[in-house]
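Asks: Sharing a structure, written as C-alpha cells. Questions coming.
Please treat every number below as a calculation from the coordinates, not as lab data. A quick note: this is a predicted structure, and the numbers were derived from the prediction, not measured. Positions of Cβ are generated from backbone atoms using ideal geometry, with glycine treated the same way; all protein chains shown enter the neighbour counts.
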Amino acid sequence: MFNKNNNKMSKKINLVILLMLVMAVSIQCKKDDPIVNPPIQGEEEELITTMNLEFIDSAGVLTNQTFSFKDPDGPGGNAPTVFDTIALSANNTYNVAITLLNESVSPAEDITVEVLNEADEHFFCFEPSVAGNCIVTRTDSDGQYEIGLASKWNVLTISQGFMLIKLKHQPGVKNGTCSPGETDIEINFPVKIQ
C-alpha cells in the first residue's frame, strides 16, 4: 500500500514537473519572439541625407544656382561631404525650391514627394542670423497653412551670416508656426550676400 501511494505521488510530482517545464518552454519562446509593430502610415521617420536649394532670380537676369548639403550616412558618423555657402547678390529677389533626398539608398529616394503628400504635417522654418538682411516668405500651402518647399527670398544689403532651415514634422499639431512637432532635418547654411 505504501508503494502504491508513493507511485501515485511520484506520478503526480512528475506530471507537475512536466507541466512546469512545458510552461517554462512556452514562456521562454514567447520572450524570444520579437514584437513587431507595423509602421503607421505617415509616421515613419525617413532618413534625409541631402537638401538642395535651387535659387532662380525673379527678374530672370542672374544665372540659376543650386546650393547643397549632403551627409550620405545621415546624422552622426562621418562629416557632410558637401556643405555649400549660399552666395547671393544684394538687392535681389529669388524664387527658391527645396529638394530633399535620401541618397543612402540606390536609386536615391525623393523625400520631397513624401513632404508634398503629407503637406498638412510638414512646415519649413527659416531663421536668418542677420535679421532683416534676407526676408523669406513661403509661397506654397497645404490649403490651410504654408509649407516652405517653395519660397521667395528678398535679399537686401551686403552681409554675411547664416540661414537656419528646419523641416518640422507636425502631424495633428500643425498651426503655421515652428513651435510644435519634431525636427526632421535642420541645416544652418552659411550665407554670403555680395
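Asks: Sorted by mean Cβ packing within 10 Å, highest first, what order do the peptides 145-158, 171-184 take? It would help to have the intermediate numbers written out before the result.
Replies: Working: 145-158: 17.6, 171-184: 13.9.
Final packing ranking: 145-158, 171-184.
Asks: Arrange LYS168, LYS192 by Cβ neighbour counts within 10 Å, fewest through most, would you?
Replies: Values: LYS168 22, LYS192 12.
Ranked by crowding around the Cβ, least crowded first: LYS192, LYS168.
Asks: Taking the mean number of other Cβ atoms within 10 Å as a proxy for protection, how do you rank 159-167, 98-106 from highest to lowest?
Replies: Numbers: 159-167: 17.8, 98-106: 15.7.
In decreasing order of mean packing, 159-167, 98-106 become 159-167, 98-106.
Asks: Only Cα pairs under 8 Å and at least 6 apart count here; give the relative contact order of segment 83-194 as a rounded whole percent.
Replies: Working: 252 pairs, mean separation 37.4, N = 112.
The normalised contact order for segment 83-194 reaches 33 percent.
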